[in-house]
Structure formats: structure tokens, C-alpha cells
1. Hey, could you pull the Cα Rg and Dmax for region C:120-205, both in Å?
2. I need the phi-derived Karplus couplings for region A:297-305: 6.51 cos²θ - 1.76 cosθ + 1.60, θ = phi - 60°, integer Hz, Gly and Pro marked x.
3. Just to confirm the filter: which GluC sites (Glu not before Pro) across region C:167-231 are DSSP coil and have at most 13 other Cβ within 10 angstrom of their Cβ?
4. Show me, bin by bin at 20 Å from 0, the whole-percent P(r) of chain B based on Cα pairs.
5. Can you pull the three principal axis extents for the Cα set of region B:401-472, in Å, largest first?
6. Compute the long axis of helix B:48-57 from its Cα atoms, compare it with the longest principal axis of the Cα atoms of chain B, and write down the angle in degrees, 0 to 90, nearest 10.
7. Roughly how crowded by other chains is peptide C:257-269, in terms of the mean Cβ count from those chains within 10 Å of each of its Cβ atoms?
8. Send over the semi-axes of the protein assembly as shown's equivalent ellipsoid, whole angstrom and largest first, taken as the square roots of 5 times the C-alpha gyration tensor eigenvalues.
Amino acid sequence: MNWLARRALQAVITALMALALLFFLIRSLPGDPLAVLSEDRPLTSEQVRDLQRRYQLDQPLGAQFTAFMGGAVRGDFGTSIQYGRPVRQLVLERLPRTLLLGATVLLINFTLGLWLGVQQALHRGRPLDRILTTLSLTGYATPSFWLGLMLVLVFAVRLHWLPAAGSQDPGLDGAGVLTVVLDRLRHLILPALTLAAVSIASSMRYQRAAMLEALRQPYVAAARARGLTEGQVTWGHAWRSALPSVLTLFGLWLPILVVGAVFVEQVFAWQGLGSLTAGAAAARDYPLLMGTAVLATAAVVTGSLVSDVLHALLDPRARAE
Amino acid sequence: MLRRCGRLLLLMTACSAAPVAGQAAPRRLVIAIGQTVTNVVPTLSRSAAAREISDLVFLRLGRYGGTSFGDRAAVPELAKGWTRRDSVTLAFDLDPRARWHDGTPVTSRDVVFSFNRARDPKQAVSVASLLVDIAAVEAEGDNRVVIRFDRPYGEQLYDATYHVQILPAHLVASIPPDSLVSSAFSRAPVGSGPYRWDKLEPTEYLQLRSVPGFFLGAPAIEQMVWRFTTSQESRLNLLLTGGADVQEDIIPPTANLSRLPERPSLRVAHLPSMGVNYLLFNQRAPADTSRPHPILADMDVRRALTIGLDRATMAKAVFGRYASPASSPAPPAAWFGALAPQPVAFDPTQAARLLASRGWKDSDGDGVLDRNGIPLALTLLVPSSSVSRMQVALVVQEQWRQLGVKAEVVPLEIAQYLARRKPGDFDVAIESFTADPSPWSLLDRWGCGAEANYGRYCSRTADSLLRAAHLARRDPAPPIRAWLRTVAEDFPAAFLFAPDKVYAMPSGYGNVTWQVESPWQMVWTWTLAGAGR
Amino acid sequence: MTPRRAALHTVWRRPAGRAGLIALALLALLALIGPLVLPDPTAQGDLLNGALLPPGPGHLLGTDQLSRDVLSRIVTGLRLSLIIGLASACLAVALGAAVGLIAGSRAGMVDTVLMRIVDALLAIPRLFVLLLVLAVWDRVPIPALVLLLALTGWYGTSRLVRAETVRLRGEDFVRAAEALGAGRLRIALHHLLPNVAAPILVAGTLGVGDVILLEAGLTYLGLGIRPPTPSLGGMVLDSRSVFVTAPWTSIFPGLVIVLTVLSVNLVGDALRDALDPRSA
């Protein structure tokens, strides 16, 4: 427990440092966050002063940071300059779509990906292993935005099987639950497939290596000697002992959820956190940027904390380190 | 009806299109747009898309009548008519049938409230400055509103109708202006127009539903849905795969038109837009706006840079046949567009001669003209989000290169583009400006010292001509014509062309009418049966 | 055999590594020679009749909306991608190795502070920082882009090198050198660095592929290399609006990215497998 507390404290400190770094980086970049507000008609200097006061841009940086952290603790990230709405509301609006896409990709990678990794290990060096390695490496080398476009070209534009963009069709108000769910699924397939294809290589590779290591252990041979079936040996013994190191990978995945999908979001007009962040950066929307920054940093820190804890739970030796 | 049609700026492209057999026009119209709309309350909506939607929910005293001058500048909407009492007073009689979507009658109290809010610069930043000539707005009983102006001028009726949409005082008056944006009212606004607010799925779509008892006539199309999709090709793919029925900007590229047959029920509708594309020349030094621009302050150089561009080919390459030439700030679609002079011809030889006569020669043989050691090199600002302007920028760069002018294309996110344009930190900027249908509104862009005059062009002659037009009580055409000619001959910008608005939409609707300054405004009069029935 | 030749040799011995090396050599050759024989990638031809021509004899891979030669643009873009990838991966690895060596060879405060900073930096997604900085920077010169990609890409290497260094410090030969009175710098450069060279080489090679992909993605978002400089990601961006009617404008640049990154990664993998036989 002592170990866990120390590890958690360390995570919090890391996150705070990261946020401080980001806060000052964002403010040190040139640009006028109020510029977007004067698109139609220029603002008078009085209006500019009012706005600066409203967004606390007239305060010294240190005071702004304290105010930001104070608000962040209470879950209040201020008001977006660009949208004129609370940052929390904007982020919460996008979060479900980001989580849906991210969780689906995660699911694919941790079921299909791990299964393929195990198959590779079992067929080490044989054609199946080679083919799967080549395929996964090709996926890993493919730009997600380009793959997305190509999939749209084939499955949406040419074959009309799946929708080309968006995450739901408007006008399903009166429709049944099943229709709505099916509609969401249809919209989800192409973006999820794209992201999975370019990222599945890492879980396959991890699983393959961990499995090879496990298969070399004496207890696997012992299990075989006891007359257990190949399936029992593979999944009951080897795979289970390979699990801790594979689960470490889980932590690395959380951050990808936040901004990692930005390219795919762009291609599929999927309104997630990635495109929100990109838009906020372009508009110099400080409060919104810091809001997404908190989420991104929290995801990374939580991710590595979770993977450490999982590792420690499943493999007590890790705690001693 | 006929009388009204005659005064609208109509484009009856639909009348010639026969309905496709077996294809009923949809009762539900899904329009794919590039922006995201979160708010349609008139004083709060900033984007063009939000304003177009807002026009279906909130009415004005009168709709734009096809000119901004005289007492025919509006067509009855909330007011069933108006009378002029004297040269500075107009009295509006409200239509007694007008109802808010919650059933309450629209009264003079709503009108007075809305005008007072619109005239307060603290509450309505963009509108208040346009209403400075209005002296007072008063109610006379429940159904009459009297508007008094500071002085006699030609655009009084236009000012009293075009800029102010009427809000329900019984719902809005109690909300402090600052919290209106986060109020329950702005999440579910109540208006008096042909369509009422139905639902907003944030970042996905906004849906309006028709008001069956709308006092001017029940709309035939029951639902209007705007689907937000940022990238243009996604919008087109949605359109072709049935995820949307209408796309408002299918070109550029013109190659998209060849894809429309993939969905046979689609047809093209185009209407002239109120936008003009031009290359704005900065007449002041970007680093120090108190000094003239080292290159562009010279009128002959600006002229050479303009006539050295093959604008017709450029328009054709980017927009096909869907663009008209422009020679001045006046959009060809505006009522005063016809008063603009002819565009100057493309003449690269003359351009080269002009530059040479001003001392620009290629003395070091690097292909770029120079004078006193300074190369003829310019930065060309362009908003990267605009497909058409990016293409135009690259074509301009290439054509200027052939003249010996080096242009560095600087694509910018829109916020940065605006941030650089405002203080005059650029040489040339590719602008696309959509004007109000009043020539007076152009003063803000081209008048000496005006707020949005980013190129710092200044001609006292031009300003006084425009002022004369604004105050004209009879025929404003002669001073407007003179103003447009003066501006065109000063080359404050290389005026390129006015692209049309090109829609892909389902065929089969009857009585299709577009309102140029707000295309969907008359959609409630469309019928589901095709033309001829 | 020099270490470099040894590394090449081990890669060559593996079929995947050999394929990667050959493909990479061909791509590099194309990037070197192509611009000499192909038309100017920024020159616009006849705008009305020469735009969006399909692949054919005049233009092997067709033309784009502004009637520019797609093949020329791909080759020029490829060259830029390779240069950016190599330069920024090298820089990143050098920076990471330096920080890792310093932290690893000097225990105590220096090590703790450096590693805490690296932790904090690792807690900010790379893409987030890049989006942020590039979005506000209107004219990113290519060297600055390289630097930016390097500055956001060294954290992992520094951790790796530090871990290796800490392990090596316990080894006999380092203790012996210390006992003989060798200075810290001398130990770091002469004893530690050569022994961590292998993981650095692997990280660097795989870093090249990552950078090429990242650069293409950022350019696709309109944030990386700005037009009219031809770049592979930029070509896909420019042709988005015609990717259905003129697919050649986006298919080929994408394929070239895949091929380039794949061959770099094959080489990197072969290197890693050679150095860590357990995973092969």
C-alpha cells in the first residue's frame, strides 16, 4: 500500500509539472486569442478591455496560473473564448465520441491483436508468422489519414456499404433503440478499422515476444509433460504468465485516446477531442487548450500509473524494484 | 404573390427542371454545411450559417426587398405595412396574425424591446453601429411601432428592417444580456418565423420543424436539418451516399459536378452570391503603418499587378462557369452591382511596361524584378481553410512569377489570418468579402480610416461620393456609379471575380425561390410538387 | 569489422532487413536523381486543359488540380520527407543520449531532477505540443520543423540510455576505469557510450519512420510543410477534394509514404532483432 501511495503521489507531481510547463508554453506563444471574435466587425478598445478582464488576460501570468489551477481543482476550466461556452461543457460534449472510438480500437487491439500475437508465437518463423508480421508492419507504416480516405473511397463512395462521415445520422428521433445502435455502429466501423489497422502492430508484437518468452519457461514443458492439451498449455499456462507484461501496454493506450485520433477525426468528420484541440490551438483559445491539456496529461499519467499497478498486482517482483 | 416575386432577387433555375419520375421531393431537407452552429439567437450568432438558420426562426418587420434605397426596400413580414409620416418618421403596423412559437401574439412591445437591445453597443456589438441614425423607437398601442430617424436619408426603411430581427420580450427581457448565451432561451429559442427550434445535437446537426399555422402560409417542407461536416469532400460523400440532401458549396473543384449523376435525384442550383474575391493591397508598410508601403503605395505597381493577372482563366479554372467578373467592391448580385465599371483587361505586356516605367528591372538576372537593391517580393496571405482561395493563391503566385514578381504564399488558419490582417501585417491578402446589400455598408471596408479598412486605402473623393449616395433622397445611382469608378481606378485591390453559390439539391420541388442575401429565407414557400403542376 | 559495418551486416543477413535496405536504397536513389530529370514540381501547365490528367505517357502519374506533374511532386516530397526524418531522428537521438548519459553517470540530484523533467515531458502527448506550436507559427521554416520534431522526440531515448548506463556502471570494466582514475567525461564517452550505441541505433532508425509519419500527418492537417513546397502529406491534403474523381493524386503519395516508412522500419526491426535475439 505504501508503494501504491508513493507511486500515486509521484503521478500527481508529474501531472502538475506537465501542466505548469504547458501553461507557460501556451502563453509564451505569439497570437491574439481575441482575434477570432473580431472576424465580422472590429472590436473597439473598450470592448477589448472588457473581454480581457472577462478572460483574465490582463492579469500577470503567475496570477493566471494560480487562478487556473484553483478552478481546475473545482472542475471549472473557465469559458472558451472562441465558443463563449464553458470549457467543461465543450469537452464533455466531445468525450463520448472520443471514448467510443478509443474503446472500440482498444477492444480490437486487445482481443484480435493479442490473439494474433499468440498465433505468431506458436508459429514462430513459419509463413503465418512472417505474413502477419509483414501485414502488421505495413499497417504501422501507413498514415491513418490516407488509409481512412482509401477506405472511404472503397466502402462508402464505391460500394455504398458504410457512411462516409459523421458519427450518427440525423433524423432517427422516432426510431427504435436497435435502429439507433445499428446506425452508430455503421458510422463507427470505418474510423475504428482505420485506427486499429495502423496500431494493432504494437499489441501483436508485444504479445508475440512475451509469449515466446513464456513458452521457453520450464513449467510450460512441465505442463506438457503432465499431459495437458496444447490449448490448455497455451492459454492456461503460457499466455497467463505472459499477461503482466502485455498489460503494461494498456497504459500506453490511454493517451492515444485524447488527441491521437486527430487525423482520423479529420478524415471522418468525427467530432472528438482531437479536432477540438486542433481547433482550439488554431484559434489560440487558451482556456479550451488548457482544458484539453488537463485531460491529455491526466490520461498519460493515469495510463502509466494503471499499467504499473496492474503489473505490480500480477507480478509481485515488480513492486520490489 | 406575383407582385412579391417581381421584387425579390430570384433565380428560378428550378422552374426549368422537370421532376424526376418516381422521385418525390423530400419533406425533410438535410443540408450539409462546413460550420458548426451552436446558437441561432440573432444578437448572438456570429457565423453566416447561423444567420441563415436564424432567418427562418426570427422574422423582421420586413424582408429585404431587392434594393436598399427608398420606401420599397422591404417586403412585409411581421409588419403588414408601413406609412411614412414625414421625412424622418415611419410607422409600422404589425400583422395581427403574427404569433410566437409558444402561441403568444407578437406585439409592439417585442419590437421596441428588440430595437433597444440591438441599438445598445454593449449587447449587440455588430449591429449597433449600423443603427446610429435611428433616434427613437416607440409603441403606439399593441400593433403599431413608430421609428424616428435623426435626419432624412434614402436608406431609412432598409435600416429599420434589414438589421433587426424581433425577439420575444416576454421571454428575453428578464434575462440579463450577459447570461443570454447560456440561458434556457438560447438553448431552445422561440421565434415567430416559419420554422421553430426542434433540436440541436451539438457538433452533429441542428433541426428545425415547420410551424403549421405560420401566419404567412404553412411550409411544405416539414423539417430543415443542418448537418455539420467540416471537410468539403466528406460533405460531398455524405450527399452522394444519402447522408445529406443538399450541399451548398459543391465547387470548387468543378470536377465534383461530374460525380453528381451518382445520385440521380440531384440537380445543380446556382445563384449569384454577395461575395467578391479580391487581392487586397496593403498601402502602408507592414512593419510601420505610419509609412507608405515600399512597393504597393505606387498606384502603377498595383495596376500592373492587377492587369498582369489572367482573372478570367483563373475563374474558369477554379469555378468553371460559376463565377462572374468583378471590377469593384460591388457584388454583381447586389442591386448596385450593375453600376460597376467594366473589369480592366488582362494585358501582361502593358503590366511589364508599367513596372519597367516605375524603375522595376531585373538587374541581377535572378528572374525577380528589383529597384535600388530591393526585390519586388510580396507576401500573399491566404486562409488555409478555403479550398478556392488556396488554389487562387497558387495561380496568382505563378502568374506573377512570369511578370518577375515574387510572391510568397502564406497559408494561415483563419484566426491567425485575422490577427495578421487587422494590424496591417501583410503585403497582399486574398479576401472574400460578403457585403450587405447596401453600398453604404462598404464604407467600413474602403473609407478613410474605417475600422475594417485593412489595406488602409484612402480617397477623400471616394468617401464624399459614397456619402452623397447615402444621403440621396431621389436617385442614388449617379454618385454610386462615380464612387465605384473612383475606387476601381485607384486599384486598392485586384478585384478578381464573384463566385456563385452553387448548390447540389434534390429535384422535384416547385416554386423554388432563393433570396440572394440569405438563400434559405423563402424555403417555406417551396412546394413539394414539381414545376408546372 | 567496424561497428557500423557489423550493424549493416546483421541487417543484411535477415531477409526482411535486406528487403528494407534495398527498398530504402532505391527510394533514396529516386529522391536524389528524380529532381534532375523530372519537370519542375511547382510549374503549372495549362490550367484549363492540363489539370487532373490521368496517368499517361506525358505524365507518368498524372497531374493535379493546378496541372502540376504528380510524379515530380512525389519525388521532391519524398526527398524532403527523408531529409526531415533522418535529420530530426539523429538530433533527437543525440539529445536523448546526452541527457541519458548525464543522468545515468551522475547519480543523485542531477539524475533525479533530469528524470523528473523527462517524466513531466512524457506526460504531455507529443502530438499535443506539435499541434499547439505549429498552429500559431505561420511560416515554419523546415529546419525549425526538424528541430521541433527532434525536441519532442528524445524523451524515450534518454530513459533507455540512462537505464543502460546505470546497469553498465556496475560492470567491472567501468569500475576498473574509475579505479584507474579516469574522469567522468572520459568514462561516459569512452566506456559507456560505445556500449549503449546499439539501442541508440535502433531507437534512431525507428525514429526516422515515426517522424516521417508525423510530419506527413501534420502537413495533412495544414500545419507542417506549407505550399507550394511539395510534400507527401501536403499532396494528399491538396487532392482531398478530388480524391474520388482523380484518385491518382492521393493514392500515389500515400503509397510512397507507406513504402518509405515500412522499409525504414524493416531495417530498424532487423537491427533490434539482431541485438536482442529473444524477440526474434
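1. Cα only, region C:120-205: 17.7, 55 Å (Rg, Dmax).
2. Along region A:297-305, the couplings run 5, 4, 5, 5, 5, 4, x, 6, 5 Hz.
3. The qualifying sites are C:Glu171.
4. Going out from 0 Å in 20 Å bins, chain B shows 21, 52, 25, 2 percent.
5. If we take the Cα atoms of region B:401-472, the spans are 44, 30, 21 Å.
6. Helix B:48-57 sits roughly 20 degrees off the main axis of chain B.
7. Average neighbour count from other chains, rounded to a whole number: 3.
8. 57, 34, 30
The values are calculated or read from the model by the stated rules, or taken from the named source; none is laboratory data. Everything numeric here is computed off the predicted structure, so don't read it as measured data. Positions of Cβ are backbone-derived with ideal geometry, glycine not excepted, and every protein chain shown enters the neighbour counts. The accessibility values were calculated without ligands, DNA or RNA, using every heavy atom of the protein model including side chains. Shrake-Rupley method; radii C 1.70, N 1.55, O 1.52, S 1.80 Å.
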